[in-house]
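In what follows, a single structure is set out as C-alpha cells and then discussed.
The values are calculated or read from the model by the stated rules, or taken from the named source; none is laboratory data. Just so it is clear, the model here is predicted, and its values are computed rather than measured. Cβ: placed from backbone, ideal geometry, glycine included. Neighbour counts: every protein chain shown. Ligands, DNA and RNA are stripped out before the accessible areas are found, and what is left, the full protein with its side chains, is counted by its heavy atoms. Shrake-Rupley method; radii C 1.70, N 1.55, O 1.52, S 1.80 Å.
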Amino acid sequence: MKGLAIKLAISTMGLLLVGLLAVASPTYAQTPGKHTGGTAPQAPETCGLAWRTVTTPATDSMYSELEDIEALSADNVWTVGYEWLNDKGYPLALHRAGETWSKASLPDTGPGYLTKVSAASASDIWAVGSRTTQLGAQTLILHYNGTTWAEVSSPHPGAESWLYGVVALSANNAFAVGEYRPGDEPGVWSRPLILKWDGATWTTDSVADLGAHITTLYGVDGSSPSEVWAVGRSEMSDGSDFHPLVLKRQGNQWVSSPLGNAGNLVGSLRSIAVDSSNLIWAAGYHRDGADNNTLVLRWNGSSWSAEPSYSAAGHETALQDIDTKQGTGLAVGYERVATDAGDRVTPLILHHVANTWMPMSAQEVGPIVTVLEGISIVSANSDVWTAGGYNAALDQEWSDTLVQRYNDPCANQPACNLQFSDVPTGSTFYPYVRCLACQGVLGGYANGTFKPGNNVTRGQLAKIVANAADFNEQSGPTLFADVAPGSTYFDYVQRLAFRGIIGGYTCGGPGEPCLEGNPKYFRPNQNATRGQIAKIVSDAAGFNDVPGAQMFEDVAPGSPFFDWVQRLASRNALSGYPCGGTGEACGGSNLPYFRPNQNTT
C-alpha cells in the first residue's frame, strides 16, 4: 500500500497538523451515554496531533457548561462557566495542575455565572460574569492570587449590569467589558460597560456616546495599556439591525473604530485577539440572507477588513472565541443544521491559513449538541485548549462541561523506529509510510515487509483514510451487503459511508443478489483508482472550495473527479505525469496528466 494512497493520507495528516483537516459529522444518531455530571466521553488515545476530549471533574449539577478557558501552560489550565443547583445557576471553575483536574473552591457569591477568565500570571488571574439578585443582574469579578479565589468589589451601574469579557495585562492593568441597562433613559435599552483595574480598585472607564439604542461588548484584549480593544454589537435608535462594533482605548476614553464595508454587515463580534499592533483578529457572525455565517475581521495596523471564512449553505455558523499567538489564529464556535429529527449542533474550529479561515477536525461529543465557547493557545502548532458543553438533545434536561485539547500525546515518548525491509530510507515514499505506520494508521506484514507494489483495495483505502482522519465513532447499522459486522474493514467503511464520503453499488449485478431491504454492495476487495482516492481523501478532509482552473489534461471541468482532484492538487497533496507519454499528447498548455482511472499501489 504505497503510491498515491499513502502520499495522500500523510499529506492530509500534514494538513491536519496546520489545521486544515475538517471532519464531516455522521448523520446517524448515537445512543446517548449515561450522564456523569461533568466527565465527558474520551476517545482512545492514539499518537499524532489531533483534537481529543479531556475528562473533566464531575460537578454536582445535572446542567453545567464552560464558557471560557485560559491555558497558562500545558500543566496549568483554568476554565470557567456555571453549574445549575437548586433551580439556579452558580459560578464554576475547573483547574488542571499537572495531569490532574479539580473543581476549584470559589467564594460564596450567590447565584450567577462566570463568562471569561484571563491571567497576567499564575498568581494573578481574573474571572468575570454576573450575579443574580432580587434587584436584577450585577457585575461579578473574582481574583485568584495563586492560592485562593476571592471576590473583588466592582461597579454595577444602572438597573442591571453584566460582564462578558476580561483581559489581564499586568498586576496594575486589567479591563472587563459588558453592558448595563440604564433604566431611566427612554429609547436606550443598554449601554456599553467597561471597567478598569489600576492595581487597587475597579472603576468605570469612559466610552464615547455611540448614539445607539442597544450596545453590548462581549470581548476585550490588548498587548499593553495603550493597545487595548473591545468588540461587540450595536443597534442604532432608529431600530435598524445589529452591526459589528469595535472600540479602541485612546487616552482615557474608548472610541469607535471604523470597520469599512464590514461595518455595514448585520451581525455581532464576540471576541478579539491582539497579536501585535499590526495584527489583530475579531470574530463573531454576520447574517447572509436567512443564515448566520462566521465572521472574522483583521486589523493590519491601519484599517479593518473582513477575511474569507468557512460557511455552509443552509447551515448556521458562528464563532464564539478567537485566540492568536505568533501570527497563528484559531477560532471556535458551532455549526447548526436542521434535520428531520430537529436541529443538530456540532463544534466548529477554524484555523487561519493563507488569509482564509478553514475548518479543522473537531471532535463531536454530544450526538445532538456540541458547542465550543472558548479557546486558548499554549503552542500554536502543538498545544491548544478549548472549552464548552454538550448534551444529547436540544430539549434534554442535562448538559455537561466539555474540554478538548489539540496535541500529540506521544510527543514526549521515545522516537518511533519502525522500518520495513522493502521501504528503505532513500525510498520516495519512505517518510509517508513510516509516519503513518508509527501512528498506527497502517501496518506491514509479519516478515517485516510492507509490499509497496501491491494494489490498494477499496477496503484498505477506507481504513487508511478513516484512521488518518481519526474517525473513531460507533460504526452504526450495517450499510453494505458485502461488509458485515466483524469483517476486517467494517468499522472504517461504515464511518466513511455515514459521512457521505464513500458510496456503494446498486444490488442486482453478477454475484450481488438483492437481499432484504436491497442494501448496496461496497466491493471492498476491488482495486481503488487514483480518481476515487482523490474524491475520498478530499471529502474526508472537508475541502469544498471552488476547484479553480483546470490543472490536468485528462481531468477536465465536468469530469467525474474534477472537483476533488483540483482541491488536492491546489494543496500540493498530489501531482501528475508530464505530457508527451504514450497516448498523452501535449495540449496547448502542456498540462500534465493525472490518470484518474489508473489503479493505485
* Structure fact -> Computed curve, segment 156-203, Cα-only Debye sum without solvent term, log₁₀ I(q)/I(0) at 0.13, 0.33 Å⁻¹, is -0.33, -1.14
* **Portion, in percent, of the accessible area of the chain that falls on carbon or sulfur, probe 1.4 Å** => 49
* Structure fact -> Taking the chain and counting helices only, DSSP H stretches of n ≥ 4 at -39,500 (n - 2.57) each over all residues, the nearest-500 ellipticity at 222 nm comes to -3000 deg cm²/dmol
* Packing-based ranking, highest mean first, of 343-352, 200-209, 126-135 given that Cβ atoms within 10 Å are counted -> 343-352, 126-135, 200-209
* Asked: Which value, in Å² and to the nearest 10, is the accessible area of Trp197 when all protein chains are kept and the probe is 1.4 Å?
  -> 30
* **Largest-first principal axis extents, alpha carbons of the chain, Å** => 81, 55, 49
* Structure fact -> All alpha-carbon distances of segment 446-493, grouped into 5 Å bins from 0, give the whole-percent distribution 4, 19, 23, 24, 16, 9, 5, 0
* Asked: Using 0.36 nm per residue, how much length does the chain from Met62 to Val337 gain when fully extended, once their Cα-Cα distance is taken away?
  -> 96.4 nm
* To do: Would you kindly give the portion of the calculated P(r) for segment 84-141 that falls above 12 Å, as a percent of all Cα pairs?
  => 71
* Asked: Remind me, relative contact order of segment 472-532 in percent, using alpha carbon pairs under 8 angstrom and six or more residues apart?
  -> 35
* Asked: On the first, second and third principal axes, largest extent first, how far apart are the outermost C-alpha atoms of segment 468-601 in Å?
  -> 53, 34, 26
* **Inter-label distance for Asn454 and Ser382, nm, one decimal - labels placed 7 Å from Cα along Cα-to-Cβ** => 3.4
* Apply the membrane-span-like helix rule to the chain: whole DSSP H runs, Cα extent along the own long axis of at least 20 Å, mean Kyte-Doolittle hydropathy at least 0.5. List the helices found. => 3-17
* Per residue, what accessible area does segment 443-589 have, given a 1.4 Å probe and all protein chains present, in Å²? -> 45
* **Gyration tensor (Cα) of segment 45-92, equivalent ellipsoid semi-axes in angstrom** => 26, 13, 8
* To do: Quick one: order Thr55, Thr139 from most to least accessible surface, probe 1.4 Å.
  => Thr55, Thr139
* Which number comes out as Rg/Rh for segment 202-360 once both Rg and the Kirkwood Rh are worked out on C-alpha atoms? -> 0.98
* **Cβ-based net charge around Gly500, under 12 Å, with every Lys or Arg adding one and every Asp or Glu removing one** => +2
* To do: Would you please report the Å³ per residue occupied by the convex hull of the alpha carbon atoms in segment 480-534?
  => 98
* Structure fact -> Taking Cα pairs closer than 8 Å and at least 6 residues apart, the relative contact order of the chain in percent is 14
* **Ordering of 356-365, 213-222, 576-585 by packing [mean C-beta count within 10 Å, highest first]** => 213-222, 356-365, 576-585
* Per-peptide average of other Cβ atoms within 10 Å, ordering 328-337, 433-442 highest first -> 328-337, 433-442
* Structure fact -> Taking a probe of 1.4 Å and leaving out DNA, RNA and ligands, segment 133-259 shows per residue an accessible area in Å² of 41
* Structure fact -> In terms of the charge dipole of segment 220-262, which places +1 on Lys and Arg and -1 on Asp and Glu at the beta carbon, the residue among Gly232, Asn261, Gly251 farthest towards the positive end is Gly251
* To do: Take the alpha carbon atoms of segment 116-171, find their center, do the same for segment 339-366, and report the distance between the two centers in whole angstrom.
  => 30
* Taking segment 152-241 and dividing mean pair separation by its residue count, relative contact order in percent (alpha carbons under 8 Å, at least six apart) -> 26
